[in-house]
Amino acid sequence: MPAHQPTALNQGPGGTQELLTVPQVMARLQLGRSAVYDLLRTRQLVSITLGRSRRIPTGALTDFIHARLDQEAA
């Protein structure tokens, strides 16, 4: 299985991918909590679970935004 290589756009300090909380994603997308959880539930936005917490990789958020832009352009 090929390793996921994050692009410079997706990297935080030190070259590692940053994990965002749901409130951080809410602020970046300017959406409410329910809307973000709907995106996670329908797998339009990818997340990982750490204990009882959801974290969204910055790369997943970037991919989601690019996919939506491509849909709008079509």
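Just so it is clear, none of the values below were taken in a lab; they were calculated from the coordinates. Every value quoted in this text rests on a predicted model; they were computed, and no experiment measured them. For neighbour counting, all protein chains shown are included, and Cβ atoms are generated from backbone atoms with ideal geometry for every residue, glycine included.
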Exercise. When the chain is fully extended, how far beyond the present Cα-Cα distance does Arg55 get from Leu69, taking 0.36 nm per residue of separation?
Worked result: 2.8 nm
Seminar exercise, completed: If the chain between Leu31 and Gln17 were fully extended at 0.36 nm per residue, the gain over the current Cα-Cα distance would be 2.8 nm
Problem set entry | Cα-projected label distance for Thr42 with Gln24, points at 7 Å along beta-carbon direction, nm | 2.5
For this session: Beta carbons within 10 angstrom, averaged per residue: use that to sort the peptides 53-60, 27-34, 66-73, 38-45, highest first.
Result: 53-60, 38-45, 27-34, 66-73
